[in-house]
Structure formats: structure tokens, C-alpha cells
1. Contour minus end-to-end for ARG72 and LEU31, with contour as 0.36 nm per residue of separation and end-to-end as the Cα-Cα distance?
2. Express in Å², to the nearest 10, the accessible area of ASP63 obtained by rolling a 1.4 Å probe over the protein heavy atoms while all chains stay in place.
3. Note down the accessible area of LYS27, probe 1.4 Å, to the nearest 10 Å².
4. I'd like the accessible area for ILE114, computed on protein heavy atoms only with a 1.4 Å probe and all protein chains in place. Round to 10 Å², please.
5. Fully extended, how many nm does the chain gain between HIS57 and GLU98 (0.36 nm per residue separation, minus their Cα-Cα distance)?
Amino acid sequence: MPRVNDFLSGNTIEIDPALAEADQRIKNQLLLHPDERVKIAFQAKGFGRDRVLLTSHRILIQDGRGIGSKRRAYLSIPYSSIQAFSARTAGALNADTELKLWTSGKPIATIEPIATIEFCKREVDLWVVQ
């Protein structure tokens with residue numbers, strides 16, 4: 001049962017990777033390479049417009065823009081460019097787990113992560129994602 005906080009915060013839950021891949025290939029035929037496969041997929045609970053796809057080639061983050069809008073922003077992070085990551089597990093007061101990614105190009109200590117993905121603790125095993 002989704003909580004109000006899940007709708008407001010955009011916590012992500014795991015979804016079927018085969019269905020996410022099929023959906024992506026129908027809606028955006030050129031976004032995935034022909035030999036690229038979705039291994040793990042996540043979708044925002046609330047309005048369900050944001051997705052994170054861990055494919056055989058990269059991490060693909062889809063950010064839905066605005067309520068009722070069809071606009072999407074995409075961030076593609078090739079695995080070869082990931083320089084570091086941090087994982088934060090959930091606590092008693094904070095029910096979310098979090099994964100942050102840094103990519104090559106700038107010193108890690110001086111920049112914000114390229115991506116931060118929050119997961120709903122009850123729905124996603126953060127250690128499987130790593």
C-alpha cells in the first residue's frame with residue numbers, strides 16, 4: 001500500500017525489467033541500443049513518471065517533467081564512467097535507502113554526485129542494485 005510520503009518524495013520501487021524494456025522500445029525506439037537489455041528497473045511510486053533502468057550498457061534515468069506534461073528528461077550514465085558511489089541504508093526514522101553516483105571528469109570531493117536515486121526500503125534491496 002503506497003504511503004502519502006511515497007507520492008510526495010518520488011520513492012522508487014522495483015518493476016519488471018522485461019516490461020520496462022518493452023515499454024521503452026515502444027515509446028522511444030532509438031533510446032535503447034538493439035543489443036541493450038534492461039536488467040533491473042525501478043519506477044517512482046507516486047505518479048510513476050520517473051524511471052531508473054539498469055541496462056547491460058548503462059544506467060538510464062528518466063525524469064518526468066511537470067504534472068500532466070509529456071516532457072521527459074533523460075540522463076545516460078555508462079558504467080565505464082562511474083568513478084565512485086555511495087550507498088545509504090534506511091534507519092528507524094528514515095524509511096528510504098539512497099544510492100549516489102559520481103562519474104569521471106572531476107575530483108570526487110569537489111562535486112555533487114551526477115545522480116542520486118532514492119529507493120523505498122520496503123520495496124528495494126539496495127545491495128542487489130550494487
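The values are calculated or read from the model by the stated rules, or taken from the named source; none is laboratory data. Note that the structure is a prediction, hence the values are computed from the model and not measured. SASA here: full protein model, heavy atoms, side chains in, ligands and nucleic acids out. Shrake-Rupley method; radii C 1.70, N 1.55, O 1.52, S 1.80 Å.
1. Contour length minus Cα-Cα distance gives 13.5 nm.
2. Here the accessible area works out near 50 Å².
3. So the heavy atoms of LYS27 present about 140 Å² to solvent.
4. 80 Å²
5. Result: 12.6 nm gained on full extension.
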